[in-house]
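The structure appears below as structure tokens.
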Amino acid sequence: MKDDERRLIKDAILDEDGFVKATFSGQRRGYELPWRRVAVRPVLIKHVRHLQVSYLDDKQDITKNYHGSQVDEKTDELLALPFSQINVLTTEREIQVQISRKGVARVHQRRVVGDIPEPSLSHDREKPRLISADAPDPFLMALEIQTPDGRIRANKRRKYLQINEFLRLVADTAALEEIAPPVHIVDCGCGSADLTFAVYHYLNHIVERPSTVVGIDVKADLMTKKNALAQELGWHKLRFQVSRIIDFEPEVIPDMVMALHACDTATDEALAQAVRWGARLIFSAPCCHHHLQAQMADQPMPQVFQPVLRHGILKERLGDVLTDSFRAQILRIVGYSTDVMEFIAPEHTDKNLMIRAVKQAPPGDPQMIAEYRSLVDFWGVTPYLATLLKKQLTAVGVEG
């Protein structure tokens, strides 16, 4: 990161009148981090303003408070760590920073729209609860994640961590607060629906933000079982419907669309539907990526990549990276601020990438279009998402 980029982030954090919170997350490839995630917020202790820093990993959450010269020192320490994503929220703007493996930062800034959040300086404020396992929870027991005596089942611990990390990502997305309740959500290709239930539970019961959730999938027997479970829990604004993603027509235009581990082109169908519906938020964890890989196999590849492409496993991973790169770039072109990040450590699941998109910009950014065209021309492929969104892309000058 350049000095002026560090100064931008540091000045926002040190702004005593406007700083609300900051999150440092993601690990740059080739580096090691002592913490998986660090959260920062201002607090007032004995009438003295402090910076409260919470250091989190998979086993513990350590919170420390700093004031005076320590604040400057600790901010510099955080900026020196090899995080790949930094998000800073103030009363006037949100700063999102993505940092490459080589330390090159991509900075996005936007003004806060709507009610301006005020910094909370309460030291004793209860920490935002996600899905706690401190006591027996009917939700966790219904999903067979927790035993009746309140223990997380050994074979479900990864699922429990995945649920919490996804919810943390949702909670850290500032744009969610700008959506007037009830929040309408569609989960495309919901499958076993653990995260569908989790989002409903978190929004409605933990942060008390009224929400309706519809999960769709082609497996009729599974949808019947999930509807029965929702009724058993008394969750009447959660329902499941049998439908292909591309055929689904929501009764209410969704504010948020989820597509978590929808296989291959089902991810593209979910992203396309979200764009067509004008969803404000998109959360997508891609699964397999066969469509683009098939195109790559049917034509000569750039000679410079032959050392990579002669190895099957590397060619497959390259296809995965290109597929998700195209998806993110297309979303940017049609007006979404888009991040691609790890949402859970790879030891818990190898399907750990998350595409997070927030609708907030006019479509047709010339730089995004130029980058997309260069990538398409270099590889000679047509992303499936581009086919599905041909009308939207043509409207902003992207042909073919």
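The values are calculated or read from the model by the stated rules, or taken from the named source; none is laboratory data. Because the structure is predicted, anything quoted here is derived from the model rather than measured. Positions of Cβ are backbone-derived with ideal geometry, glycine not excepted, and every protein chain shown enters the neighbour counts.
Tabulated data for the structure shown
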| read-out | value |
| --- | --- |
| Total residues in the stretch 100-153, condition at pLDDT below 80, hydrophobic (A, V, I, L, M, F, W, C) and under 30 Å from Asp11 (Cβ atoms) | 4 |
| Sole residue being of a type in the set (A, V, I, L, M, F, W, C), modelled with pLDDT of 85 or more and within 17 Å of the chain's Cα centre (by Cα), chosen from Val340, Val334 | Val340 |
| Condition met for Ala193 (in contact (Cβ under 8 Å) with a residue 40 or more places away in the chain, out of contact with any helix residue (DSSP H, G or I) (no Cβ under 9 Å at 6 or more places or on another chain) and buried (at least 16 other Cβ atoms within 10 Å of the Cβ)) | no |
| Selection within the stretch 146-167 - in contact (Cβ under 8 Å) with a residue 60 or more places away in the chain, within 16 Å of Val199 (Cα to Cα) and not aromatic (Phe, Trp, Tyr) | Leu161, Gln162, Glu165 |
| The stretch 38-48, residues that are closer than 24 Å to Asp4 by Cα and either free of Cβ contacts under 8 Å to residues at least 24 places away in the same chain or surrounded by fewer than 14 Cβ atoms within 10 Å (Cβ to Cβ) (or both) | Ala39 |
| Hey, Leu292 modelled with pLDDT of 85 or more and touching a helix residue (DSSP H, G or I) at 6+ places or on another chain (Cβ under 9 Å) or not | no |
| Tabulated pairs, the stretch 125-143, first over 17 Å from Lys159 (Cα atoms), second modelled with pLDDT of 75 or more and part of a loop (DSSP other than H, G, I, E, B), C-beta under 6 angstrom, 6+ apart or interchain | Ala135/Gly150 |
| Candidates Ile179, Ile216, Ile185, filtered to the one that is in contact with a helix residue (DSSP H, G or I) (Cβ under 7 Å, 6 or more places away or on another chain), in the same structural domain as Asp339 (by TED's automatic domain parsing) and in contact (Cβ under 8 Å) with a residue 40 or more places away in the chain | Ile185 |
| The listed residue being in contact with a Lys or Arg (Cβ under 7 Å, 6 or more places away or on another chain) and either under 29 Å from Arg157 (Cα atoms) or modelled with pLDDT of 95 or more (or both), out of His261, His184 | His261 |
| Residue among Ala357, Ala370 that alone is surrounded by 14 or more Cβ atoms within 10 Å (Cβ to Cβ) and either modelled with pLDDT of 95 or more or not polar (S, T, N, Q) (or both) | Ala357 |
| Subset tally (residues that are part of a loop (DSSP other than H, G, I, E, B) and either without any contact (Cβ under 8 Å) to a residue 12 or more places away in the chain or touching a strand residue (DSSP E or B) at 6+ places or on another chain (Cβ under 6 Å) (or both)) for the stretch 49-103 | 5 |
| Considering residues of the stretch 162-208 that are among the polar types (S, T, N, Q) and closer than 21 Å to Cys263 by Cβ only, the residue farthest from the chain's Cα centre (by Cα) | Ser192 |
